[in-house]
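J.: Encoded as structure tokens, here's the structure I'll be asking about.
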Amino acid sequence: MNGPQLSELPDDSEQLGPYVSSLRRRALQASELSAVRTFSDGFLIRFLRARDFDVELSLKLLLNYQRWRRESPEISTCLSSRSVLGLLNTSYHAVLPQRDHTGSRVLIYRIGQWNPKDWSAFQVFRVSLMTSEIISTETETQRRGLKAIFDLQGWSLGHALQINPSLARKISSILSDSFPLKVRGIHLVNEPMFFRPVFAMIRPFLSDKIKQRIHMHGADFHDTLSDFFSLPILPPEYGGEGPCIQEACQNWTDQLLQSEKLLQQIASHPTGDIAIIPEDSLISEEVKTEQHSEE
Ligand code: VIV
């Protein structure tokens, strides 16, 4: 049976209330989280939106998110954009400035810019986790999800050797049911033949839903990619008419650097719920300064 249409999903705060209370109650009952006494509304809403307000599925996602973080400390405990600035400065990654026609965020990863001698797969993975944490705070992204384009031009044995079965498991699990974001599409372009063995490690653990959303475009991707993305939003390097890839990467790198403090708070928080950290924002600092100047 089909779930509710997007337009019928509860969306203003009055309608959200009962769902939030019910997820909070279920989360506090779950033994794994019994030590945690609070969950902010904003944090719980991410999981509810990611699962179209099905409370049981949202709880499962919340528990999987906690477990993934716990089992992947080499990735989840060090979210610092400054620590991977060298990689970001190679124009490895961008979130495009414009959403696609359905409202999804569009992410680009240029794997060829990653030199596996300089950066470990864990460091590379952290970039994705940082971006995911940031965009998952946006209401529109919580509703409309994301689409990712992976440019595998330059994929080499050095890259392949970094992806062992344990990491492949972590990739498929975060794509399927361990992060509160709707993955609406994964588009691989320029994938060489010898990417297949790596994909074969990841694929078996993906949910059927995600498997169906993976598209392999090959080297002649301009025509097929434009079936999914409109030209005004894509960079010219990908056959579009939007800002060039360097500019998009630079702007997103700036965004990541501005989010440094927030990311470190998420990484060090026991559940990743930053909304409940008291002095997380610049706002409280501004208030302090204001009070000073009035004295
Ligand atoms: O991190 O929604 C072998 C997506 C991705 C995320 C995270 C979230 C998410 C779509 C990934 C995609 C990228 C955290 C929440 C899985 C990080 C991948 C890091 C590795 C080291 C890159 C190596 C290259 C891959 C290329 C193909 C991967 C696709 C089959 C997804």
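J.: What single numbered condition from (1) assigned to a loop (DSSP other than H, G, I, E, B); (2) more than 22 Å from ASP254 (Cβ to Cβ); (3) not acidic (Asp, Glu) fails to hold for PRO97?
T.: Going through the list (1) assigned to a loop (DSSP other than H, G, I, E, B); (2) more than 22 Å from ASP254 (Cβ to Cβ); (3) not acidic (Asp, Glu), PRO97 breaks only (2).
J.: How many residues does region 158-177 contain that are within 8 Å of the ligand (Cβ to nearest atom) and not in a helix (DSSP H, G or I)?
T.: Residues flagged as within 8 Å of the ligand (Cβ to nearest atom) and not in a helix (DSSP H, G or I) within region 158-177 amount to 2.
J.: Quick check: anything in region 190-198 farther than 20 Å from GLN113 by Cα and among the polar types (S, T, N, Q)?
T.: Checked region 190-198: no residue is farther than 20 Å from GLN113 by Cα and among the polar types (S, T, N, Q).
J.: Right, something else. Any chance you could count how many residues in region 85-99 are surrounded by 20 or more Cβ atoms within 10 Å (Cβ to Cβ) and either of a type in the set (Phe, Trp, Tyr) or more than 13 Å from CYS244 (Cα to Cα) (or both)?
T.: The total comes to 3.
J.: While we're looking at this one, here's another question. Does GLN142 satisfy the condition of being more than 12 Å from the ligand (Cβ to nearest atom) and under 30 Å from ASP254 (Cβ atoms)?
T.: yes
J.: Looking at region 181-191, is at least one residue in a helix (DSSP H, G or I), buried (at least 19 other Cβ atoms within 10 Å of the Cβ), within 11 Å of the ligand (Cβ to nearest atom) and free of Cβ contacts under 8 Å to residues at least 40 places away in the same chain?
T.: There is no residue in region 181-191 that is in a helix (DSSP H, G or I), buried (at least 19 other Cβ atoms within 10 Å of the Cβ), within 11 Å of the ligand (Cβ to nearest atom) and free of Cβ contacts under 8 Å to residues at least 40 places away in the same chain.
J.: Which of the residues spanning region 53-89 are farther than 23 Å from ARG26 by Cβ, more than 16 Å from the chain's Cα centre (by Cα) and in a loop (DSSP other than H, G, I, E, B)?
T.: ASN89, the sole residue that qualifies.
J.: Could you go through region 144-157 and let me know if any residue there is within 17 Å of the chain's Cα centre (by Cα), under 23 Å from HIS217 (Cα atoms) and surrounded by fewer than 16 Cβ atoms within 10 Å (Cβ to Cβ).
T.: Looking for residues that are within 17 Å of the chain's Cα centre (by Cα), under 23 Å from HIS217 (Cα atoms) and surrounded by fewer than 16 Cβ atoms within 10 Å (Cβ to Cβ), one finds none in region 144-157, hence no.
J.: Being more than 9 Å from the ligand (Cβ to nearest atom), of a type in the set (Gly, Ala, Ser) and surrounded by fewer than 21 Cβ atoms within 10 Å (Cβ to Cβ) is the filter here, so list the residues in region 101-132 that pass it.
T.: If the condition is that a residue be more than 9 Å from the ligand (Cβ to nearest atom), of a type in the set (Gly, Ala, Ser) and surrounded by fewer than 21 Cβ atoms within 10 Å (Cβ to Cβ), then GLY103, GLY112 are the ones that fit.
J.: Tell me whether region 26-33 contains one or more residues that are touching a residue at least 40 places away in the same chain (Cβ under 8 Å) and either within 19 Å of SER132 (Cα to Cα) or surrounded by 13 or more Cβ atoms within 10 Å (Cβ to Cβ) (or both).
T.: The answer is yes, given that some residue of region 26-33 is touching a residue at least 40 places away in the same chain (Cβ under 8 Å) and either within 19 Å of SER132 (Cα to Cα) or surrounded by 13 or more Cβ atoms within 10 Å (Cβ to Cβ) (or both).
Values in this text are rule-based calculations from the coordinates and carry no lab data. All figures in this text were calculated on a predicted structure; none of them were measured in a lab. In this analysis, Cβ positions are derived from the backbone assuming ideal geometry, glycine residues included, and neighbour counts consider all displayed protein chains.
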